[in-house]
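Working notes, beginning with the structure itself.
The values are calculated or read from the model by the stated rules, or taken from the named source; none is laboratory data. No experiment lies behind these values; they were computed from the predicted model shown. Cβ placement follows ideal geometry from the backbone for every residue including glycine, while neighbour counts extend to all protein chains displayed. Calculation scope for accessible area: heavy atoms of the full protein, side chains included, ligands and nucleic acids excluded. Shrake-Rupley method; radii C 1.70, N 1.55, O 1.52, S 1.80 Å.
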Amino acid sequence: MDGADGHSLPVMPQAAAAAPLLQVRDLSVSFAGEAGIMPAVRGASFDVPAGGCLGIVGESGSGKSVSSLAIMGLLPPQTARITSGSILFQGRDLLAMSASQVRSLRGSAISMIFQEPMSSLNPAFTIGDQIMEAIQAHERVSRREARDRAIGLLRQVRIPAPERRFSDYPHKLSGGMRQRVMIAIALACEPKLLIADEPTTALDVTVQAQIVELLRDIQQERGTSIMLISHNIGLIAGLADEIVVMYAGGVVERGATARVIGHPEHPYTVGLLGAVPRAEPGDHPLVGIDGAVPDLRHLPPGCVFEPRCPFSAAPCRQDEPALRSLLPGHLAACHMAPLDAVP
Amino acid sequence: MRFLIFFGQRLALAVPTVLILSVLVFLLQRLLPGDPALAMGGDEIDLQGLEEIRHKYGLDLPIHLQYFRWLGSALVGDLGISLRNSMGVTELLLGKLVITLQLAFASMIIAVVVGIPLGVLAASRHGTWLDTATSAVSLTSISIPHFWLGILLVLAFSVNLQWFPSSGYVPFWEDPRRSAMGFVLPSIVLGTGIAGVLMRHTRSAMLQSLGADYVRTARAKGLSERRVVLRHALRNALVPVVTLGAIEFGHLLAGAVLTEQIFSIPGFGKLLVDGVLYRDYAVVQGLVLVSAVLFILVSLTADVLYFVINPRLRG
Ligand SMILES: Nc1ncnc2c1ncn2[C@@H]1O[C@H](COP(=O)(O)OP(=O)(O)OP(=O)(O)O)[C@@H](O)[C@H]1O
Ligand SMILES: [Mg+2]
């Protein structure tokens, strides 16, 4: 076993050069419901590198959206509780700020686009109106100037005939076009960080590629940091510098994209990649992942992935494995890692 | 263009509705027991006198001819002559319409001004004591009987405090202040129940739109909560509420029988009661027909409004 201590957070290679834009530390979020308290995010830590792209993968229900809503300060106040952690944005803890301070960052320094392009725009207002509103929420500009900027944004997200589209209502646009409008809204005030929560899940495959392309251009041309969430590790691999793999509300593996994909160290990641762990004899074939995500209200005592894990051994049923460093910048929460060593 | 098609369709539906209704009204009156000629002529009249009256008012014609005669003149604005006081029914109705319209508008203003803000408040404070209290108020105001509320208000504000008159109508042009004062209590009586209905529907429509994805987007833009609620959520929640409000307003235009009785307001309600009591066919028919046409006009207006506030229909 690797001797590195997993409790302190080892510095990632890129992060050594510049401080990360966003540092999430030990974030835990639970929901109170009739059926009891449900921990949706359990001690998650990750960084979004300045000017870079962090990818977050995980199956449905692994806590990806809840984590991003926590960053945005948009968790439903009646039911959600942030029970631990900090979210440092440019060194300041968002969780310690007042509601109005967070609101002034929301939509200006940090923006988000959502999983549901069809329903995320208000049907009662024109798209131009909705983009202008995003600008005027944070900047004192004349209507004329806001209008010109809105049309410019529509052009940047490659919507054809932006002047005409400006006065259209959302129902006239396709899903892909609506997601572009959402991106235009998100970019309205030149955010430092763009959180894209499964921006392509609801779209056709060809449109998906175009949206990913657009996000890449935004990152490169504007230097916007992107936190890209998806359950599709392939989609993330094309864009992300680093990958965080979430399972049942916790981070089970993180590291540089090439490393995590080329050399996954958590059996869950291996399963996500849908591949045989190593092309060597004696491997455990694993195509897709059998079983289902556990009920977060009744988690098993040991490793949460143990019931589905082909590598499972005795310690896995007793202690929950902590995230520990296997190589500098590559961490996994697995008793059996490195998986090469497993017979 | 789309609007014209939309409006044309609604109008095309309205015409047969009015026609069917006119037949029903006409028949219903004839099927009721009692002879209007007898009612008019009094006890002393002989057979010949009755015949003369019947002939004068066309009551001796076959029933379908009576109907077409009535409908034909109704179309050119002549609703016949009141059997009771020999006045033209059209003039009679116009005079009362002014009164009923004032009462309906005043009641509707109260209902909207109270009901919609409270509905918004309840929804934006969902699950708090304020929400519970507002819902209780709404339920009470819906179920409270008009006559009971009317008597209560008269006791409190006319008899004890003497702020408002307990009854009587003063035309606006005679004394605007006294005229307005006279409408306060009856409008509260009529507006209360409607306010409750609007409150309840606004609340549930708001709860729905506050949970919508576009409201999350509005919050993600960093808009103030006030703007999120009043612009993004309310705008969409109003779509169903407008239709409902129009229906309630349409009902008010048919006249409020009880409330007009309590406060001695000579509007459609009182006219209807008198008309039925004295078997004044022409008045009752005219009244029901006019109310129906007014109701349809109001729903057409509501359709137009619905079209305006709902861009999805506009294509
Ligand atoms: N508002 C809420 N109230 C109660 N539970 C919630 C709420 N939002 C999310 N959850 C629960 O939190 C858990 C994590 O949800 P989350 O939406 O973060 O998953 P996800 O990783 O984004 O999945 P998906 O790929 O389906 O978007 C789920 O079990 C979900 O049921
Ligand atoms: Mg999600």
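Quick one: net charge of A:Ser65's neighbours, Cβ under 10 Å, K/R +1, D/E -1? My count for the surroundings of A:Ser65 gives -1.
A 1.4 Å probe, protein heavy atoms only, puts the accessible area of B:Phe26 near 10 Å². Cβ under 15 Å from A:Ile236's Cβ, A:Ile236 left aside: what net charge do those residues give with Lys, Arg +1 and Asp, Glu -1? In short, -3.
Distant-in-sequence amide contacts of A:Gly250, defined by a placed amide H-H separation under 5 Å and a gap of 5 or more residues or a different chain, comprise A:Arg42. Computed from backbone phi, the HN-Hα couplings of the range A:314-331 come to 3, x, 5, 8, 10, 10, 6, x, 8, 6, 9, 7, 9, 9, x, x, 10, 10 Hz, rounded to whole numbers (Karplus: 6.51 cos²θ - 1.76 cosθ + 1.60, θ = phi - 60°; Gly and Pro given as x). Rg then Dmax, both in Å and based on the Cα atoms of chain A: 20.8, 68.
Each listed q (0.14 Å⁻¹) maps to a log10 I(q)/I(0) for chain B, found by the Debye formula over equal Cα scatterers with no solvent: -1.14. Take the accessible area of B alone and of A alone, subtract that of the pair with a 1.4 Å probe, and the total buried over both chains is about 2200 Å². DSSP finds beta bridges in chain A, and of those with both partners inside it, around 60 percent are antiparallel.
Note on A:121-132: average number of Cβ atoms from other chains within 10 Å of each residue's Cβ is 4.
Rank-order A:252-264, A:293-305 by packing density, defined as the average count of other C-beta atoms within 10 Å over each peptide's residues, highest first.
Details: A:252-264: 21.2, A:293-305: 17.5.
Sorting A:252-264, A:293-305 by mean packing, highest first, produces A:252-264, A:293-305.
Placing one equal scatterer on every Cα of the range B:98-276 and applying the Debye formula, the log10 ratio I(q)/I(0) at q = 0.14 Å⁻¹ is -0.79. The alpha-carbon atoms of the range B:187-274 define a convex hull whose volume equals 84 cubic angstrom per residue. Remark: the range B:87-99, residue by residue, has Karplus-estimated 3J(HN,Hα) of 8, x, 5, 4, 4, 4, 5, 4, x, 6, 4, 4, 5 Hz, where x stands for each Gly or Pro and the curve is 6.51 cos²θ - 1.76 cosθ + 1.60 at θ = phi - 60°.
What is the local net charge at A:Ile195, summed over the other residues whose Cβ is closer than 13 Å to its Cβ (Lys, Arg +1; Asp, Glu -1)? Around A:Ile195, the surrounding residues sum to +2.
For the pair the range B:199-214 / the range B:47-84, the C-alpha centres are spaced 53 Å from each other.
Note on chain B: GNM, Cα springs under 10 Å; of B:Ser86, B:Ser179, B:Ser135, the largest mean-square fluctuation is that of B:Ser86. Residues of the range B:276-315 that lose at least 40 Å² of accessible area (1.4 Å probe, protein heavy atoms only) when the other protein chains are present, relative to their chain alone, are B:Pro311, B:Arg312, B:Gly315.
Using the 1.4 Å probe convention, the accessible area of the protein assembly as shown works out to 46 Å² per residue with neighbouring protein chains retained. What percentage of the solvent-accessible surface of the protein assembly as shown, computed with a 1.4 Å probe over protein heavy atoms, is contributed by carbon and sulfur atoms? Roughly 61 percent of what the probe reaches on the protein assembly as shown is carbon or sulfur.
Averaging 1/r over each pair of different alpha-carbon atoms in the protein assembly as shown and inverting the result gives 30.3 Å, the Kirkwood hydrodynamic radius.
For the segment A:105-117, counting C-beta atoms of other chains within 10 Å of every residue's C-beta and taking the mean gives 3. Accessible area per residue (1.4 Å probe, heavy atoms of protein chains only) ranks A:Asp340, A:Asp168 as A:Asp340, A:Asp168, with the largest value leading. Of all the options B:Ser141, B:Ser166, B:Ser73, the one that moves most in a Gaussian network model of chain B with Cα springs shorter than 10 angstrom is B:Ser73. The relative contact order of chain A comes to 22 percent, based on Cα pairs under 8 Å that sit 6 or more residues apart.
Would you mind classifying the range A:156-277 by shape? Square roots of the alpha carbon gyration tensor eigenvalues, ordered a ≥ b ≥ c; an a/c under 1.5 is rounded, otherwise it is prolate if a/b is larger than b/c and oblate if not.
Here the range A:156-277 falls in the prolate category.
Computed packing ranks the peptides B:181-194, B:12-25 as B:181-194, B:12-25, most packed first, by mean other Cβ atoms within 10 Å. Per q in 0.15, 0.19, 0.22 Å⁻¹, report the Debye log10 I(q)/I(0) for the range A:117-190, using one uniform scatterer on each alpha carbon and no solvent. Reported log10 I(q)/I(0), two decimals: -0.40, -0.65, -0.88.
Take B:Ser107: with every protein chain present and a 1.4 Å probe, its accessible area is about 0 Å².
When the other protein chains are added to the chain by itself, burial of at least 10 square angstrom of heavy-atom accessible area (probe 1.4 Å, ligands and nucleic acids ignored) affects these residues of the range B:121-170: B:His126. For the range B:180-228, accessible area lost to neighbouring protein chains reaches 30 Å² or more, against the chain alone with a 1.4 Å probe, at B:Asp213, B:Tyr214, B:Arg216, B:Thr217, B:Arg219, B:Ala220, B:Lys221, B:Gly222, B:Leu223. Applying both filters, DSSP loop and at most 15 other Cβ atoms within 10 Å, to the GluC sites (Glu not before Pro) of the range A:125-226 gives A:Glu139.
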